[in-house]
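Participant: Shown below is the structure under consideration.
The values are calculated or read from the model by the stated rules, or taken from the named source; none is laboratory data. Being a predicted model, the structure only gives us computed values, none of them experimental. Here the Cβ positions follow ideal geometry from the backbone for every residue, glycine too, while neighbour counts run over all protein chains shown. Areas reflect the complete protein model, heavy atoms only, side chains present, ligands, DNA and RNA absent. Shrake-Rupley method; radii C 1.70, N 1.55, O 1.52, S 1.80 Å.
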Amino acid sequence: MAKRDRFLNVALPKGRLGEKVYAMFASAGFPCPALLENSRKLIFENPGAGIRYFWVKPSDVAIYVERGAADVGVAGKDILLEYEPEIYELLDLDVGHCRMAVAAPKGFRDDTRRPLRVATKFRHITERYYASLGREIDIIHLNGSIEIAPILGLSDVIVDIVETGTTLRENDLEVVETIVPISARLIANRSSFKFKTEEMEKLQKGLAAALRQL
Amino acid sequence: MLIDEATVTRAEKTAFALRALYREHGYIPYRMGKFEEYDLYSRHKDFLVSDSVITFTDTNGRLLALKPDVTLSIAKNYRGGEDKAEKVYYDENVYRAVRSAGSFREIRQAGVESIGSRDAAAAGEVLLLAARSLELISEDFVLDLSHLGILTAALEKVTSSLSLQEALLKAAGEKNLHGVRSLLAESGVPEEKAAALLRLIPLCGTPGKVLPALSEIAFEIGAEKEFSFLQRALSVFSGDPAGRIRVDLSVTGDRNYYNGLIFKGFLEGLPAAVLSGGQYDNLMRRLGKKASAVGFAVYLESLEALDPAPPALDGDVLLLYGERDDPGEVTRAADALRAEGRSVRTALTVPAGLRFGKVGIWEKGGIKWQNGTGF
């Protein structure tokens, strides 16, 4: 976190969502045309607008913001619920909609005589959800291809992000329960917010206005 | 004794300065042991920043813990009634699990506790000390202040459900207005009932800017007493042209322990709060003591990030000598250079990985400087 850096440092999630979000930032008064040029650079700045963007892995945005390497960023609510970073969540950007859901093979029935085996990337969300139901579970933490776990008998159900449900259907799975709806959020570092208050309020207001126009 | 500034870290310097500051305000030092009975922490886990504590069994079988917190010990040992007010300061190491590091860390904390005084002046003094503590580290600081009593009054207007209140308070702490709205919608509470809360959360700025609006809301929700306490405590700050003291209703804390004023201090250049404190009458009550209390801690460890980058050189002079050289002569030659204020390392060979401003080789009768680097 550089001192006296008057740039507003923004961590954007690499990928389609990031590009969509950048368009919102640009229309909110923080453009940086260089960003859209096809290049392998990761950092872009527009001194005129006082803004610096960098592309990071979507699941890392919250870390950059919490630790102050970025002043603001755009992160999915799933990541915020999973890692509970100490940040401000300033705005629901109403893009990147999906939901955190429990999915199981078609016709699944929960055998309540034994703990439910749940495969997931989202350990924390899963633990909290089942604790709220009072259901004992056995968590199987996986890093990807979660859908395969119930097919191979590794788990009974999975907890994962569902966007369109295509992957689930193709693997003969279906959503049993929605845990929480997800969308992209504008987040801010708590300390930066104190020292770059004006810039952040301008950004927040600009984005809120851009949202209303959608 | 002369202390070379270059060898003192920001945390060490600050600790000395803070101790002097607190003493100057009539606070007395509080020393405590490194260990405390585990029972104290297990009963008040929610009060701790992390609930992991390093424990071990004492020789007589008692379960002890390396103290993860200072306030609990000071509060527990408070022996006075209302007439025996205590004002103490400390500078101690605590041991806690750091979430981001995923392991235990030794963390140095300094701070003050004022126990047994319930008046706004005593609370205001602690606020003032918090601001002065921050100022002493850097002029670019912000002290954010809120009052949990006002937030609680607003929450009670919304719902009597404690779990919903807690969820709303968490969203308030994140300045998450859309989160508050969706919590209300999920629980079927009409937004009108949360009108005061929704106006409170975004309130932040200098007292001059925020207090008029806050006063109105406080009146509407029956929190005039709390508002007046906050206003009186704030009056200790006579003039704050830079706007460093701010009222921010998104500052929250655990209401099982904190009840009134609650505050956090930030320094420009550091990503998280370096100071945290508040009024914890509820903790005192849980410890079975009828007394008001207010205090704060400065996280000295986090100041390391403000230390300047390490110097490019590991020393001014490297003086090389041979095995046959006279140790006395080499020492006298080195000391002569040290007397001129230079740091001198003597060695038989060039130490790997270290850098020096000048390299000299001791030869009978004098130093032969390499590459024309002599003085």
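Participant: If you check A:Ile158, A:Ile140, which single one turns out to be free of Cβ contacts under 8 Å to residues at least 24 places away in the same chain, in a strand (DSSP E or B) and farther than 30 Å from B:Leu177 by Cβ?
Facilitator: A:Ile140
Conditions (1) among the aliphatic types (A, V, I, L, M); (2) within 13 Å of chain A (Cβ to nearest Cβ), marked per residue:
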site: B:Ala153; (1), (2): yes, no
site: B:Lys157; (1), (2): no, no
site: B:Gln165; (1), (2): no, no
site: B:Leu168; (1), (2): yes, no
site: B:Glu191; (1), (2): no, no
site: B:Leu200; (1), (2): yes, no
site: B:Thr206; (1), (2): no, yes
site: B:Leu214; (1), (2): yes, no
site: B:Arg232; (1), (2): no, no
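Participant: Of all residues in the stretch B:69-116, which are on the phi > 0 side of the Ramachandran plot and at pLDDT below 85?
Facilitator: B:Gly102
Participant: Can you spot a residue in the stretch B:279-296 that is without any contact (Cβ under 8 Å) to a residue 24 or more places away in the chain, in a helix (DSSP H, G or I) and open to solvent by 50 Å² or more (accessible area, probe 1.4 Å)?
Facilitator: yes
Participant: A follow-up question, please. If you go through the stretch A:169-214 one residue at a time, how many are more than 13 Å from chain B (Cβ to nearest Cβ), farther than 19 Å from B:Glu268 by Cβ and open to solvent by less than 10 Å² (accessible area, probe 1.4 Å)?
Facilitator: Total meeting the criteria: 1.
Participant: Here is a further query. Please return the ranges of strands (runs of 3 or more DSSP E) entirely within the stretch B:326-375 where 3 or more residues are within 18 Å of B:Ala312 (Cα to Cα).
Facilitator: B:356-363
Participant: Sticking with this structure for a sec: Does A:Thr166 satisfy being away from chain B (no Cβ under 14 Å) and open to solvent by less than 80 Å² (accessible area, probe 1.4 Å)?
Facilitator: Yes: the conditions hold for A:Thr166.
Participant: Take the conditions surrounded by fewer than 21 Cβ atoms within 10 Å (Cβ to Cβ), modelled with pLDDT under 95, within 13 Å of chain A (Cβ to nearest Cβ) and part of a loop (DSSP other than H, G, I, E, B) and apply them to B:Gly243. Does it pass?
Facilitator: Yes: the conditions hold for B:Gly243.
Participant: Out of everything in the stretch A:89-104 that is assigned to a loop (DSSP other than H, G, I, E, B) and buried (at least 19 other Cβ atoms within 10 Å of the Cβ), what residue ends up being nearest to the other protein chains (Cβ to nearest Cβ)?
Facilitator: By that ranking, first place goes to A:Leu93.
Participant: List the strands (runs of 3 or more DSSP E) inside the stretch A:11-88, counting only whole elements, that have at least 3 residues being among the hydrophobic types (A, V, I, L, M, F, W, C) and over 14 Å from A:Ala188 (Cβ atoms). Quick ask: steps written out before the conclusion?
Facilitator: Working: elements: A:43-46, A:51-56, A:72-76.
In the stretch A:11-88, A:51-56 are the strands (runs of 3 or more DSSP E) which contain 3 or more residues that are among the hydrophobic types (A, V, I, L, M, F, W, C) and over 14 Å from A:Ala188 (Cβ atoms).
Participant: Right, something else. Do you know which residues across the stretch B:246-278 are within 18 Å of B:Ala130 (Cα to Cα), more than 14 Å from every other protein chain (Cβ to nearest Cβ), open to solvent by less than 10 Å² (accessible area, probe 1.4 Å) and not hydrophobic (A, V, I, L, M, F, W, C)?
Facilitator: The answer is B:Gly260, B:Gly277, B:Gly278.
Participant: Which of the residues spanning the stretch B:225-236 are open to solvent by 40 Å² or more (accessible area, probe 1.4 Å) and touching a strand residue (DSSP E or B) at 6+ places or on another chain (Cβ under 6 Å)?
Facilitator: Result: B:Glu226, single match.
Participant: In the set A:Ser155, A:Ser132, A:Ser145, which member is in contact with a Lys or Arg (Cβ under 8 Å, 6 or more places away or on another chain) and polar (S, T, N, Q)?
Facilitator: Result: A:Ser155 is the single residue among A:Ser155, A:Ser132, A:Ser145 that is in contact with a Lys or Arg (Cβ under 8 Å, 6 or more places away or on another chain) and polar (S, T, N, Q).
Participant: Of B:Arg31, B:Arg23, which residue is of a type in the set (D, E, K, R), exposed (fewer than 14 other Cβ atoms within 10 Å of the Cβ) and outside any helix (DSSP H, G or I)?
Facilitator: One residue alone meets the criteria, B:Arg31.
Participant: In the stretch B:199-216, how many are hydrophobic (A, V, I, L, M, F, W, C), surrounded by 18 or more Cβ atoms within 10 Å (Cβ to Cβ) and part of a helix (DSSP H, G or I)?
Facilitator: Counting residues in the stretch B:199-216 that are hydrophobic (A, V, I, L, M, F, W, C), surrounded by 18 or more Cβ atoms within 10 Å (Cβ to Cβ) and part of a helix (DSSP H, G or I) gives 3.
Participant: Could you tell me which residue of the stretch A:48-72 is nearest to A:Phe30 (Cα to Cα), considering only residues that are open to solvent by 10 Å² or more (accessible area, probe 1.4 Å) and at the interface with another protein chain (Cβ under 9 Å from one of its Cβ atoms)?
Facilitator: Residue satisfying both the conditions and the ranking: A:Ala69.
Participant: Next question. For the list (1) under 22 Å from A:Glu163 (Cα atoms); (2) away from every other protein chain (no Cβ under 13 Å), I need the number of the one condition that A:Ala75 fails.
Facilitator: It is condition (2) that A:Ala75 fails.
Participant: Kindly establish whether A:Ile146 is away from chain B (no Cβ under 14 Å), in a strand (DSSP E or B) and more than 29 Å from A:Leu211 (Cβ to Cβ).
Facilitator: no
Participant: Being under 20 Å from the mean Cα position of the chain (by Cα) and over 19 Å from B:Arg108 (Cα atoms) is true for just one of B:Lys45, B:Lys67. Which residue is that? Outline the logic, then answer.
Facilitator: Working: B:Lys67 fails: over 19 Å from B:Arg108 (Cα atoms).
Testing whether each residue is under 20 Å from the mean Cα position of the chain (by Cα) and over 19 Å from B:Arg108 (Cα atoms) leaves just B:Lys45.
Participant: (1) small (Gly, Ala, Ser); (2) surrounded by fewer than 22 Cβ atoms within 10 Å (Cβ to Cβ); (3) within 14 Å of chain A (Cβ to nearest Cβ): which one isn't true of B:Gly222, the others all being true?
Facilitator: Every listed condition holds for B:Gly222 apart from (3).
Participant: How many residues are β-branched (Val, Ile, Thr) and modelled with pLDDT under 95 when one looks only at the stretch A:181-206?
Facilitator: The qualifying residues number 1.
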